[in-house]
1. Output the residues belonging to the range 472-487 that are touching an Asp or Glu at 6+ places or on another chain (Cβ under 9 Å) and in contact (Cβ under 8 Å) with a residue 60 or more places away in the chain.
2. Go through the residues of the range 60-70 one by one and say whether even a single one is part of a strand (DSSP E or B), closer than 20 Å to SER255 by Cβ, within 16 Å of ligand 1 (Cβ to nearest atom) and of a type in the set (Val, Ile, Thr).
3. I'd like to verify a number: residues in the range 480-507 that are at pLDDT 95 or above, under 22 Å from LYS11 (Cα atoms) and open to solvent by 50 Å² or more (accessible area, probe 1.4 Å), how many?
4. With respect to PRO164, determine if the residue is under 23 Å from LEU191 (Cβ atoms) and within 16 Å of ligand 1 (Cβ to nearest atom).
5. List pairs: first residue in the range 23-42 and under 19 Å from GLU377 (Cβ atoms) and open to solvent by less than 40 Å² (accessible area, probe 1.4 Å), second residue near ligand 2 (Cβ under 7 Å from one of its atoms) and of a type in the set (S, T, N, Q) anywhere in the structure, Cβ distance under 7 angstrom, at least six positions apart or on different chains.
6. Can you tell me how many residues in the range 382-404 are open to solvent by 30 Å² or more (accessible area, probe 1.4 Å) and more than 17 Å from the chain's Cα centre (by Cα)?
7. Among the listed residues ILE38, ILE31, ILE52, which satisfies the condition of being under 16 Å from LEU101 (Cα atoms) and within 15 Å of ligand 2 (Cβ to nearest atom)?
8. Out of all the residues in the range 59-89, which are hydrophobic (A, V, I, L, M, F, W, C) and away from ligand 2 (no atom under 16 Å from the Cβ)?
Amino acid sequence: MSLHDHPEWLKDAVFYEIYPQSFYDSNGDGIGDIAGIIEKLDYVKSIGCNAIWLNPCYDSPFKDAGYDVRNYKKVAKRYGTNEDLKRLFLEAHKRDMHILLDLVPGHTSEEHEWFKKSSSAEENEFTKRYIWTDSAFSGYSMPFIGGETDRDATYILNFFKCQPALNYGFANRDRSWQSSPESEEAAATRLSMVDVMRFWLGMGADGFRVDMADSLVKNDDNNGEGSLGKDNTIHAWQEMLGIVKDEYPQAAFVSEWGRPRQALAAGFDMDFYLNWRWDGYPNGYARLTRDVDNALDNNPEHDHSYFNALGGGSICQFLDDYCPQYESTCNEGYFSFITCNHDTPRMAPRLSDRERRVAFGMILTMPGVPFVYYGDEIGMKYRDIPTKEGGYARTGTRTPMQWDDSKNLGFSTAPKSKLYLPVEESSNASERRCLVKSGEIPTVSAQEECEDSLLSWVRALIFLRHNRASLHANASWRVLHAPVNGRSFAYERCSVDSLEGSDFRAEKTIVVMNPSLSNESIPLDSLEGLNSKESNPALLQIGEISFNSSSLILGTQSFAIFKL
Ligand code: NOJ
Ligand code: CA
């Protein structure tokens with residue numbers, strides 16, 4: 001197995017991200033748990049999601065919702081036991097599903113045993129496991145803490161104050177206390193992470209989503225001419241993933257990196273296309289559905305997202321960012337689209353139901369392995385609620401899953417005051433039922449009953465994706481139509497699998513969309529043989545779409561998938 005081979009199952013994988021606190025509370029203590037996830041596996045599978053990314057579920061003081069790990073090898077009590085997690089792996093495998101855990105390799109909690117030992121004034125095995133300066137009064141150009149420990153030094157942070165950085169060395173060193181990435185201590189840190197991965201893979205996990213995967217080696221820039229950047233971090237991953245993939249060739253790894261050239265070179269199978277806004281400039285992904293200064297601002301005129309009917313522009317701004325990244329990495333692995341994640345504001349209610357349907361149409365038919373964030377399939381809303389466990393503005397995206405119109409929307413039987421986060425509901429049962437019925441409070445059960453629900457649309461898209469090799473992660477992608485002065489967009493997907501010796505014929509799919517409020521037409525010349533309703537019926541469609549002798553006419557807020 002080479003570092004750059006990818007598990008076969010990823011080609012047809014569609015992930016569902018579960019934030020365990022908020023998914024389903026099986027024992028009525030107000031917080032979601034692993035037994036609850038097991039109970040809902042059939043639901044996840046019923047949407048077509050055949051893989052799950054589970055946010056950290058390890059022992060933690062929860063100052064950053066579990067990304068502050070106190071013990072990498074122990075499930076947090078509030079979620080259950082290691083045995084429960086093992087049962088989740090088993091139950092998922094019975095259903096042909098895969099589970100990725102969340103690996104947090106860049107930092108631990110300040111309460112981790114390693115850090116406690118590392119903080120001691122006396123030298124021990126963990127003295128250099130974290131990054132310490134040489135005096136309690138030393139500063140540095142990275143966030144650091146002093147005066148908290150017996151050790152006469154300050155330590156460098158990786159994120160919040162509760163998250164001291166693990167020591168993978170410094171690429172460019174300008175202080176005597178900095179380790180080299182080749183040092184014994186950096187090697188020991190890398191091996192300790194390999195050990196964590198082995199522990200869970202041995203128990204049945206199918207791989208990891210890796211937190212801040214680019215953060216390991218510090219000062220890892222200016223690596224010289226011809227470099228991809230982050231060379232030392234890439235090298236560290238090549239070593240760690242090399243070991244683990246040799247032992248578990250079907251394990252999958254997705255990085256929170258956001259730079260697929262680097263991440264795939266490092267040995268990851270997939271990298272996330274993350275929602276980024278640097279210096280006020282949105283990246284390609286953010287241009288699609290989150291090109292807005294304030295995610296709680298529901299005035300469509302302030303929102304320049306492509307899928308916003310009123311405020312959006314041409315798809316070209318997205319393509320300028322995406323195409324070079326796709327083209328330079330499509331033979332190396334997958335660059336993955338997400339509907340959202342636990343750090344990102346949900347699209348609803350800022351984007352309307354119709355706008356989100358068109359957006360999901362694109363997200364679920366692009367190359368790479370897609371990730372659906374729990375609750376997005378029913379249109380759960382981003383809410384303005386107080387912070388919880390280091391969530392701050394992210395908290396509004398992390399609220400309890402909305403199952404039905406029973407108490408706490410079916411999330412938990414606990415009293416309201418005990419809920420991890422407040423559910424969206426009115427206190428009056430009959431009013432609540434009304435709001436659920438009218439769709440104002442979306443729930444799974446109400447949408448299950450309605451053929452035309454968002455849930456049905458997401459299901460239809462995912463099942464179509466499974467059924468067409470040309471919509472799988474590895475199928476090629478090519479832009480057919482993307483006007484600078486227009487709102488429409490069309491692309492072709494083409495299957496690339498071929499069985500040796502077979503007379504395999506490539507399968508093609510064409511996807512077209514128009515998120516705007518006026519008609520747009522696309523010349524048939526640019527649509528690769530798509531020519532009439534009769535010869536090319538749409539496999540899935542939203543809105544009005546018609547042919548004339550020379551063009552495809554896309555009505556307002558329309559979307560279609562054509563078989564070629
Ligand atoms: C990225 C995670 O997704 C986020 O939730 C967390 O707070 C930081 N990394 C720190 O681990
Ligand atoms: Ca519980």
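The values are calculated or read from the model by the stated rules, or taken from the named source; none is laboratory data. From a predicted model like this one, the values you see are computed outputs, not experimental measurements. Please note: Cβ atoms are built from the backbone with ideal geometry, for glycine as well, and neighbour counts cover all protein chains shown. Protein only, heavy atoms only, side chains kept; ligands, DNA and RNA dropped before computing areas. Shrake-Rupley method; radii C 1.70, N 1.55, O 1.52, S 1.80 Å.
1. Matches in the range 472-487: HIS472, ALA473, ASN474, ALA475, SER476, TRP477, VAL479, PRO483, GLY486, ARG487.
2. no
3. Going through the range 480-507 one residue at a time, the tally reaches 0.
4. On the way: under 23 Å from LEU191 (Cβ atoms): yes; within 16 Å of ligand 1 (Cβ to nearest atom): yes.
Spelling it out, PRO164 is indeed under 23 Å from LEU191 (Cβ atoms) and within 16 Å of ligand 1 (Cβ to nearest atom).
5. From residues that are under 19 Å from GLU377 (Cβ atoms) and open to solvent by less than 40 Å² (accessible area, probe 1.4 Å), the pairs are GLY36/SER26.
6. Total satisfying the criteria: 10.
7. Working: ILE31 fails: under 16 Å from LEU101 (Cα atoms); ILE52 fails: within 15 Å of ligand 2 (Cβ to nearest atom).
After ruling out the rest, the residue left standing is ILE38.
8. Those that are hydrophobic (A, V, I, L, M, F, W, C) and away from ligand 2 (no atom under 16 Å from the Cβ): VAL69, PHE89.
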